[in-house]
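The values are calculated or read from the model by the stated rules, or taken from the named source; none is laboratory data. As the structure is a prediction and not an experimental result, all values here were calculated from the model. For neighbour counting, all protein chains shown are included, and Cβ atoms are generated from backbone atoms with ideal geometry for every residue, glycine included. Note: accessible area is taken over every heavy atom of the protein model, side chains too, but ligands, DNA and RNA are not part of it. Shrake-Rupley method; radii C 1.70, N 1.55, O 1.52, S 1.80 Å.
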Amino acid sequence: MPFSNRTDAGRQLAALLDREDVDADVVLGIPRGGLPVARPVADRLGAPLDIVVASKIGAPRNPELAIGAAAADGSAWLNHDLIERLGVARNYVERQRQREARAAAQKAQHYRGERAPPALAGRRVVVVDDGIATGATARACLRQVRAAGAARVVLAVPVGSPRTVEELQAEGQEVVAVETPPHFRAVGQFYRQFGQVSDAEAMTYLDGVRRGRA
């Protein structure tokens, strides 16, 4: 197993980013599993840690199959090829986009509380998750960060599907991954411990929450 747990994965990812001279003004973890990974990255890069949130849009009668994802700012990434192949109605997609965007916005507010979101315009931003399979949520998060005016955006993950990483790079995204194994099936297969992360646990990794509890 390349990673014993998410914190170990974050340390390995942080070391790789450091070796590749990736600098950050802000590190954004994707809740929930991305935050334990993002904490060591933010510490190594000397940047504040906050969140970027998106919610998966599931296919009709198969909610686990992502046909896209909606971000907290209302924007979305849609897998148009899959939507067309499944014959998903346009009104279904729009209805679910609105629903998941609301869910993402509520989650972001829950995590931040009274804290304002970080200003991203003109800044170097590293977006961190615990891994990418189809990458729907990550793609929506990247769109949100770019729309906020970030000068440079890097998606950093411990492990990713080679196909998805190649697709993202072909779209012009910067992606840094510790592992892109050819036998990739799921993110969890590369962790010795990959249990669910609760919202309460994930929030403890954030700067504002940590300072507030200190």
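For the chain, which longest stretch is free of loop sites, where a loop site is one of the GluC sites (Glu not before Pro) that DSSP puts outside H, G, I, E and B and that has at most 16 other Cβ atoms within 10 Å? Display every interim value, and only then the final one.
Numbers: sites that count: GLU20, GLU114, GLU171.
For GluC sites (Glu not before Pro) (loop position, at most 16 other Cβ atoms within 10 Å), the longest site-free span of the chain is 21-113.
When the Cα centres of the range 140-214 and the range 44-100 are compared, how far apart do they sit, in Å? Measuring centre to centre over Cα atoms gives 16 Å.
Rolling a 1.4 Å sphere over the protein heavy atoms, what is the accessible area per residue of the chain, to the nearest Å²?
Values: 10450 Å² over 214 residues.
Spelled out: the 1.4 Å probe surface of the chain, per residue, equals 49 Å².
Heavy atoms only, probe 1.4 Å: what % of the accessible area of the chain goes to carbon and sulfur, would you let me know? Show your work: numbers first, answer last.
Working: 4700 of 10450 Å².
After summing per-atom areas, the C and S share lands at 45 percent.
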